[in-house]
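Read the figures in this text as sums done on the coordinates, not as results from a lab. Please read all numbers here as calculations on a predicted model, not as lab measurements. Glycine also receives a Cβ, built like all others from the backbone with ideal geometry; neighbour counts cover every protein chain displayed.
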């Protein structure tokens, strides 16, 4: 069990550029979550995958955001035409069905949009 | 709307003193309650959880929390804090459902002073 990993750890981009983040969940974890954490706030739910199916998306996930989880393993979160308001820490978590909903979090990707 | 309230954004306390971090959630028939800790530049780590059964739950490092259904609270306590407990603490709730997504409070910074 190597834990949840996220890459990159930091990303600085200019407004209008596209960025993509990757999350590798704990092996055998079928549930995967993306959260966003802004300064001084708690994490906010963005989207949820069960295996490869995206089953829920928050209203926070505008049309510029898209997430995928091909083959039910790693997941990517893409933000198109980034805005300064997208600056935040993007957290990924994974869990396994039937294990009391304990979600294990990755270290996050900190996005700064200039 | 489902929500979690952490009224104290920061709690300063001297080393070896007791501490209580408050958490209240919006009422629901059934909830799962969690406390996560975030040390500087690290990801979220699960501290303790309430799923069912005994209303008093404990962590391995001396923290405890009590589920109070009538007060809709899940306050975190420790009888004697250490410098190493300095961190951001997040209360989170899951209302179950298909996703078991977490709803977080805004966090409380526990600042332990020598």
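Classify chain B as rounded, prolate or oblate from the Cα gyration tensor: take a ≥ b ≥ c as the square roots of its eigenvalues, call it rounded if a/c is under 1.5, otherwise prolate when a/b beats b/c and oblate if not.
prolate
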Anisotropy class of the stretch B:1-49 from Cα gyration tensor, a/c 1.5 cut = prolate
Quick one: length gained pulling residue B:60 to residue B:30 fully straight, 0.36 nm per residue minus the C-alpha distance?
-> 8.2 nm
Let me know the shape class of the protein assembly as shown, please: from the alpha-carbon gyration tensor, a ≥ b ≥ c as square roots of the eigenvalues, rounded when a/c is under 1.5, otherwise prolate if a/b is greater than b/c, or oblate.
-> prolate
Label zone at residue B:84, where the point sits 7 Å out along the Cα-to-Cβ direction: the stretch B:34-64 residues whose backbone N lies under 18 Å | B:37-43, B:45-48, B:59-64
Rg [Å, one decimal], Dmax [Å, integer] - chain A, C-alpha atoms = 13.4, 42
Summarise the partner chain shielding of B:99-112 as one whole number: the mean count of Cβ atoms from other chains within 10 Å of each residue's Cβ.
-> 5
Label-point separation (nm) for residue B:70 and residue A:80, each offset 7 Å from Cα along Cα-to-Cβ?
-> 5.5
In peptide A:32-39, what is the residue-averaged number of other protein chain Cβ atoms found within 10 Å of each Cβ?
-> 2
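Could you work out, residue by residue across B:70-81, how many beta carbons of other chains sit within 10 Å of that residue's beta carbon, and then give the average as an integer?
Details: counts 0, 0, 0, 0, 0, 0, 0, 0, 0, 0, 0, 0.
Neighbouring Cβ atoms belonging to other protein chains average 0 per residue here.
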Just grab the label-to-label distance for residue A:60 and residue B:3, each label 7 Å out from Cα along the Cβ direction, in nm (one decimal).
-> 1.6
